[in-house]
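*Asks:* Structure in structure tokens, see below.
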Amino acid sequence: MMAHRLKRRTVYSTGIASFMLIVALSIAPVALAKYTPPKDPSAPKETVTNTTRGGSCEANSTVGLTALVPYSHVGETISGHPTFIWFVPDRTSRPLQFRLFGAAGQPIYRTEIQSQPGIMSFTLPSNLPQLKAGQSYKWQVVLVCDRNAPSRNVVAVAEMRVVGPDASLQAQLAAAGTSQQRIALYAQFGLWYDALAEARKASETSRNQAPVLELLDALASSEAQPLKDWSDRLQQIRAIEQQRQPPPKP
């Protein structure tokens, strides 16, 4: 009888241990989704948001037009056709210009779209030549407040550096089974643009901004010591976007 009880207890304990292991494995990728800056980051030459009327076409905006990038160093990507992501404070839809320049300031691409409030993204079209590894680029988003008064436009500017893919990263990405694992890997290897693009894609698929908000949290933490003002702005944007989240299903 005693042996039978011990056997049942052992089976029960093993079951609990297995369950806890499954839970731990399922949440591990989320815990790993912390952004680590590149080992040898480049200092940005220009990463600014013009503050005309608070960085918005609307006078009552609390946060201005913002490129969602690191401020203390140049964000990196391994993509030849990267995704650029920014935050629009204006509730009213307006013309918005996206511009991409080479390191010497030569124009590479320009397009105009309509703005939407909140986080927006744009991926460089696949029919364009790939951006080159080892090269830096500058990009802008311009919110057109008044076509007849260009000086009123609001501009956010950021830099990007394209780097060659790491062999270890490529192998781990090939084995990654979920978007959360890919986000964590990109973030771990200091590839901010790729991590945020993957998070944006996951958010659009699930219609839940959690992956993007988690990554903004990670970047805000990373920037808190060198640039508290920038960290605070990222946290403001995160709070605004959190309020736009649909209520959880019962």
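The values are calculated or read from the model by the stated rules, or taken from the named source; none is laboratory data. Just so it is clear, the model here is predicted, and its values are computed rather than measured. Cβ placement follows ideal geometry from the backbone for every residue including glycine, while neighbour counts extend to all protein chains displayed.
*Asks:* Please work out which one of (1) at pLDDT 95 or above; (2) among the β-branched types (Val, Ile, Thr); (3) more than 25 Å from ASN153 (Cα to Cα) is the condition THR36 fails and give its number.
*Replies:* It is condition (1) that THR36 fails.
*Asks:* Please find, within the range 186-197, the residue that is farthest from ASP40 (Cα to Cα) out of those that are assigned to a helix (DSSP H, G or I) and touching a residue at least 40 places away in the same chain (Cβ under 8 Å).
*Replies:* Let us first name the residues in the range 186-197 that are assigned to a helix (DSSP H, G or I), namely 186-188, 192-197.
Pick out the ones that are also touching a residue at least 40 places away in the same chain (Cβ under 8 Å) and you get 187-188, 192-197.
Details: ALA187: 15, GLN188: 14, TRP192: 14, TYR193: 16, ASP194: 18, ALA195: 18, LEU196: 20, ALA197: 22 Å.
Once the filter is applied, the top-ranked residue is ALA197.
*Asks:* Within the range 89-135, which residues are charged (D, E, K, R), surrounded by 12 or more Cβ atoms within 10 Å (Cβ to Cβ) and within 27 Å of ASN60 (Cα to Cα)?
*Replies:* Residues satisfying the conditions are ASP90, ARG91, ARG94, ARG99.
*Asks:* Against the conditions (1) in contact (Cβ under 8 Å) with a residue 60 or more places away in the chain; (2) part of a loop (DSSP other than H, G, I, E, B); (3) surrounded by 17 or more Cβ atoms within 10 Å (Cβ to Cβ), where does PHE84 fall short? Just the number, please.
*Replies:* (2)
*Asks:* Can I ask one more? Select from the range 119-134 the residues that are more than 16 Å from VAL163 (Cα to Cα) and of a type in the set (A, V, I, L, M) and write down the one among them that is farthest from the chain's Cα centre (by Cα).
*Replies:* Residue satisfying both the conditions and the ranking: LEU128.
*Asks:* Quick one: count up the residues across the range 107-147 that are polar (S, T, N, Q) and on the phi > 0 side of the Ramachandran plot.
*Replies:* Taking the range 107-147 as the starting set, the residues that turn out to be polar (S, T, N, Q) are 111, 114-116, 121, 123, 126-127, 130, 135-136, 140.
Next cut, on the phi > 0 side of the Ramachandran plot only: none.
Residues meeting the conditions: 0.
*Asks:* Residues being assigned to a strand (DSSP E or B) and free of Cβ contacts under 8 Å to residues at least 60 places away in the same chain: count how many of those fall in the range 105-138.
*Replies:* Here is the first cut: in the range 105-138, the ones assigned to a strand (DSSP E or B) are 107-114, 118-123, 136-138.
Narrowing the set further to residues that are free of Cβ contacts under 8 Å to residues at least 60 places away in the same chain leaves 107-114, 120, 122, 137.
Counting residues in the range 105-138 that are assigned to a strand (DSSP E or B) and free of Cβ contacts under 8 Å to residues at least 60 places away in the same chain gives 11.
*Asks:* Mind telling me which of the residues LEU169, LEU216, LEU173 ends up being in contact (Cβ under 8 Å) with a residue 12 or more places away in the chain, surrounded by 21 or more Cβ atoms within 10 Å (Cβ to Cβ) and of a type in the set (A, V, I, L, M, F, W, C)? Before you say what the answer is, go through the steps one by one.
*Replies:* On the way: LEU169 fails: surrounded by 21 or more Cβ atoms within 10 Å (Cβ to Cβ); LEU173 fails: surrounded by 21 or more Cβ atoms within 10 Å (Cβ to Cβ).
One residue alone meets the criteria, LEU216.
*Asks:* Please determine, by comparing only the residues of the range 202-250 that are modelled with pLDDT of 90 or more and of a type in the set (Asp, Glu), which one is farthest from GLY64 (Cα to Cα).
*Replies:* GLU214
*Asks:* Which of the residues belonging to the range 58-79 are among the hydrophobic types (A, V, I, L, M, F, W, C), closer than 17 Å to VAL157 by Cβ and either out of contact with any Leu (no Cβ under 6 Å at 6 or more places or on another chain) or not in a loop (DSSP other than H, G, I, E, B) (or both)?
*Replies:* Looking only at the range 58-79, we keep the residues that are among the hydrophobic types (A, V, I, L, M, F, W, C), and these are 59, 63, 65, 67-69, 74, 78.
Right, trim to closer than 17 Å to VAL157 by Cβ and you get 63, 65, 67-69, 74.
Passing the criteria: VAL63, ALA67, LEU68, VAL69, VAL74.
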